[in-house]
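Since the structure comes first, as structure tokens, the remarks are kept for the end.
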Amino acid sequence: MSTEVSKVLRAALFAAERHRNQRRKDAEASPYVNHPIAVASVLAAEGGVTDPDVLCAALLHDTLEDTETTADELRDAFGGRVCDIVLEVTDDKSLQKAERKQLQVVHAATASPSAQLVKLADKISNLRDLLNSPPADWPAERKQAYFDWAERVVAGLRGVHPGLEKVFDALISRRPGLR
């Protein structure tokens, strides 16, 4: 097995271990690790992305934000580039939610292309989840607000991957309230 494939599989295992007790907010409370796997799958299967560091970062993109994992752990296990990509897409949880969301909009255009790919795939995955198995307690207005916000974030990512942008646009066209 190539070292690149091995590294991606190690990242999947690391994410599974770190997110093992977490659940998604959907009605089925699906395992959280399904989300980072879906993000990496969007990049690889739909976007044709083969860069192992980008795929690792996709698998690990929520570990700093949602687990006790440290940047040093990621750097030691997966290298500086993977860690840097993950840091670029990680929200500062010390800030209020509204400020974190606004910073995603502001920072999208200045992120590295690798971080932009991870962010775009993350938004695609989240929109699919909202359309196919939304949180039971989210009214249509909250879903609509998420779609609107995701569209503002992705506006700053335009040009990074036209094919994935088309996938995103197709999902946006299905936003709640437009059916």
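Here are a few things to note about the model shown:
For (1) under 19 Å from residue 89 (Cα atoms); (2) among the acidic types (Asp, Glu); (3) modelled with pLDDT of 95 or more; (4) not in a helix (DSSP H, G or I), each residue gets a yes or a no:
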residue	(1), (2), (3), (4)
7	no, no, yes, no
14	yes, no, yes, no
17	no, yes, yes, no
29	no, no, no, yes
38	yes, no, yes, no
45	no, no, yes, no
58	yes, no, yes, no
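- Of all residues in the range 65-87, those that are closer than 24 Å to residue 3 by Cβ and either assigned to a helix (DSSP H, G or I) or of a type in the set (Lys, Arg) (or both) total 16.
- Residue 98 meets the conditions (1) free of Cβ contacts under 8 Å to residues at least 24 places away in the same chain; (2) hydrophobic (A, V, I, L, M, F, W, C); (3) within 24 Å of residue 25 (Cβ to Cβ); (4) surrounded by 17 or more Cβ atoms within 10 Å (Cβ to Cβ) in every case but one. The failed one is (4).
- Residue that is modelled with the lowest pLDDT [pool: residues in the range 125-148 that are hydrophobic (A, V, I, L, M, F, W, C) and over 13 Å from residue 35 (Cβ atoms)]: 136
Residue-by-condition table, conditions (1) of a type in the set (S, T, N, Q); (2) loosely packed, with under 15 Cβ neighbours inside 10 Å; (3) touching a helix residue (DSSP H, G or I) at 6+ places or on another chain (Cβ under 9 Å):
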{"residue": "77", "(1), (2), (3)": "no, no, yes"}
{"residue": "82", "(1), (2), (3)": "no, no, yes"}
{"residue": "90", "(1), (2), (3)": "yes, no, yes"}
{"residue": "94", "(1), (2), (3)": "yes, yes, no"}
{"residue": "105", "(1), (2), (3)": "no, no, yes"}
{"residue": "124", "(1), (2), (3)": "no, no, yes"}
{"residue": "128", "(1), (2), (3)": "no, no, yes"}
{"residue": "139", "(1), (2), (3)": "no, yes, no"}
{"residue": "143", "(1), (2), (3)": "no, no, yes"}
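- Of all the numbered requirements in (1) part of a helix (DSSP H, G or I); (2) of a type in the set (Ser, Thr, Tyr); (3) within 30 Å of residue 176 (Cβ to Cβ), residue 90 misses one, and that requirement is (1).
- Residues that are over 15 Å from the mean Cα position of the chain (by Cα), closer than 16 Å to residue 100 by Cα and not charged (D, E, K, R) within the range 143-155 comprise just one, 145.
The values are calculated or read from the model by the stated rules, or taken from the named source; none is laboratory data. Since this is a predicted model, take the numbers as computed values, not measurements. Please note: Cβ atoms are built from the backbone with ideal geometry, for glycine as well, and neighbour counts cover all protein chains shown.
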